1. Which count do you get for residues in the stretch 98-110 that are among the hydrophobic types (A, V, I, L, M, F, W, C), open to solvent by 60 Å² or more (accessible area, probe 1.4 Å) and in a helix (DSSP H, G or I)?
2. Check ASN95, ASN83 and return the single one that is farther than 17 Å from LEU123 by Cα and either part of a loop (DSSP other than H, G, I, E, B) or not β-branched (Val, Ile, Thr) (or both).
3. Pick from the stretch 111-127 the residues that are of a type in the set (D, E, K, R) and surrounded by 15 or more Cβ atoms within 10 Å (Cβ to Cβ): which of them is nearest to GLU81 (Cα to Cα)?
4. May I ask you to list the residues in the stretch 133-150 that are farther than 26 Å from TYR94 by Cα, open to solvent by less than 100 Å² (accessible area, probe 1.4 Å) and either assigned to a helix (DSSP H, G or I) or modelled with pLDDT of 95 or more (or both)?
5. Could you check, for the stretch 112-119, whether at least one of its residues is touching a residue at least 24 places away in the same chain (Cβ under 8 Å), part of a helix (DSSP H, G or I) and under 20 Å from the mean Cα position of the chain (by Cα)?
6. Cβ contacts < 7 Å: first residue touching a residue at least 24 places away in the same chain (Cβ under 8 Å) and closer than 21 Å to PHE139 by Cβ, restricted to the stretch 80-102; second residue aliphatic (A, V, I, L, M) and open to solvent by less than 90 Å² (accessible area, probe 1.4 Å), any location; separation 6+ or different chain. Result?
7. With (1) under 24 Å from LYS145 (Cβ atoms); (2) among the hydroxyl-bearing types (Ser, Thr, Tyr); (3) modelled with pLDDT of 90 or more; (4) surrounded by fewer than 16 Cβ atoms within 10 Å (Cβ to Cβ) as the list, and TYR76 as the residue in question, which single condition is left unmet?
Amino acid sequence: MNKKHISIMLIGTTFLLAGCSSSDTANHSFQGEDLEYDYFYANSQQSPTEENTPPKGGMVGGNAFKSTNNKCMDNYNFLHEENAVQYPKYADDYNKITEGFKFLNSNQNIMDKDAKKIYTMELKMKLETLCSKIQYSSFILVNDKRKNLSGI
């Protein structure tokens with residue numbers, strides 16, 4: 001192959017690889033010295049989607065609750081409103097995680113960089129786990145209600 005073919009192949013490969021990598025706007029990794037974290041970034045939505053908007057025109061009666069545009073918080077609130085048996089445990093766990101974030105926020109200026117990073121990762125992992133449990137419990141609750149309708 002001549003130099004022209006090699007340069008064309010390199011340019012094509014570069015464009016191909018550049019197309020495969022994309023910038024993720026919802027990336028919650030550590031950025032530089034700053035530790036960026038967000039309560040309930042697990043299962044989060046940035047904006048409402050068509051499948052979770054309420055029906056138009058009042059087709060269904062009853063109480064409707066406004067979405068927070070955060071699936072984890074919406075599921076958490078749903079379990080609370082439905083008096084789910086798991087809710088008190090989840091509320092206790094959420095309070096512990098919140099206390100952890102308060103501790104981090106009030107002490108982050110005096111904490112060692114590595115300790116702050118490890119502690120933040122631990123809090124995020126606990127929060128992700130809690131949100132997964134909440135999401136599963138919400139699914140089970142809806143599934144049980146669906147089963148109750150099967151006899152109609």
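The values are calculated or read from the model by the stated rules, or taken from the named source; none is laboratory data. Values in this document were obtained by computation on a predicted structure and should not be read as measured data. For neighbour counting, all protein chains shown are included, and Cβ atoms are generated from backbone atoms with ideal geometry for every residue, glycine included. Ligands, DNA and RNA are excluded from the accessible area calculation, which covers all protein heavy atoms including side chains. Shrake-Rupley method; radii C 1.70, N 1.55, O 1.52, S 1.80 Å.
1. Final tally of qualifying residues: 1.
2. Details: ASN95 fails: farther than 17 Å from LEU123 by Cα.
Just one listed residue meets the conditions, ASN83.
3. Residues of the stretch 111-127 of a type in the set (D, E, K, R): 112-114, 116-117, 122, 124, 126.
Add one more test, that the residue is surrounded by 15 or more Cβ atoms within 10 Å (Cβ to Cβ), and what stays is 116, 124, 126.
Numbers: LYS116: 36, LYS124: 26, LYS126: 23 Å.
That would be LYS126.
4. Those that are farther than 26 Å from TYR94 by Cα, open to solvent by less than 100 Å² (accessible area, probe 1.4 Å) and either assigned to a helix (DSSP H, G or I) or modelled with pLDDT of 95 or more (or both): none in the stretch 133-150.
5. Checked the stretch 112-119: at least one residue is touching a residue at least 24 places away in the same chain (Cβ under 8 Å), part of a helix (DSSP H, G or I) and under 20 Å from the mean Cα position of the chain (by Cα).
6. As it stands, the answer is GLU82/LEU141; ALA84/LEU141; GLN86/LEU79; TYR90/LEU79; TYR90/LEU130; TYR90/ILE134; ASP93/LEU130; TYR94/LEU130, since those pairs meet every condition given.
7. (4)
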